[in-house]
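Working notes for the structure below.
The values are calculated or read from the model by the stated rules, or taken from the named source; none is laboratory data. What you see is a predicted model, and the numbers here were worked out from it, not measured in a lab. Every residue, glycine as well, gets a Cβ built from its backbone with ideal geometry; the counts of neighbours run over all protein chains shown. Side chains included, ligands, DNA and RNA excluded: accessible areas come from the protein's heavy atoms. Shrake-Rupley method; radii C 1.70, N 1.55, O 1.52, S 1.80 Å.
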Amino acid sequence: MSRHRLRGLRQRFAAAERAQRLRAEPKHRLLAIATGRVTAGNVGSDRRMSYTVHGDAVNLAPRLEQLNKEFSTYLLVDEETVNRLHDSRGVEFVDEVAIRGRAQRVRVYGLGLTEGRDAAFDVDSSHARLDRGRRR
């Protein structure tokens, strides 16, 4: 086997090993929830129809999602979401931030931060808190 072929095979094995390690590492999704009124529905014509959602909360959520990187959090919510929670244990005030396109600053909270900034977020218990808050 030529030296070039052998080097190519070694590089392929090394790349496969790196890919395997990356797949094995836990991946964390960055999430954000903004609560508010939205307009949702189908728009378009008979030839081309699309489902869409418009509203302040729809625009705010992705901005909050981006802030997760800055604050080293996994889930950020706005104050309106916190106000609707029945059980606010595990909710911590993070900061009051300026959001592009909004005149007033937004109070931002993190959920599941009580064990430190790197704590994993318990999705099941937070869904239950949101459900109880909705029934209020």
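Structure above, values below:
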item	result
Whichever residue in the range 35-56 is out of contact with any Gly (no Cβ under 9 Å at 6 or more places or on another chain) and in a loop (DSSP other than H, G, I, E, B) and, among such residues, is most open to solvent (accessible area, probe 1.4 Å)	Arg47
Residue check for Glu79: surrounded by fewer than 16 Cβ atoms within 10 Å (Cβ to Cβ) and either modelled with pLDDT of 90 or more or in contact with a helix residue (DSSP H, G or I) (Cβ under 6 Å, 6 or more places away or on another chain) (or both)	yes
Positions within the range 82-130 being outside any loop (DSSP other than H, G, I, E, B) and at pLDDT below 50, in sequence order	Val123, Asp124, Ser125, Ser126, His127, Ala128, Arg129, Leu130
Those residues of the range 1-34 which are at pLDDT below 70 and part of a loop (DSSP other than H, G, I, E, B), in sequence order	Met1, Ser2, Glu25, Pro26, Lys27, His28
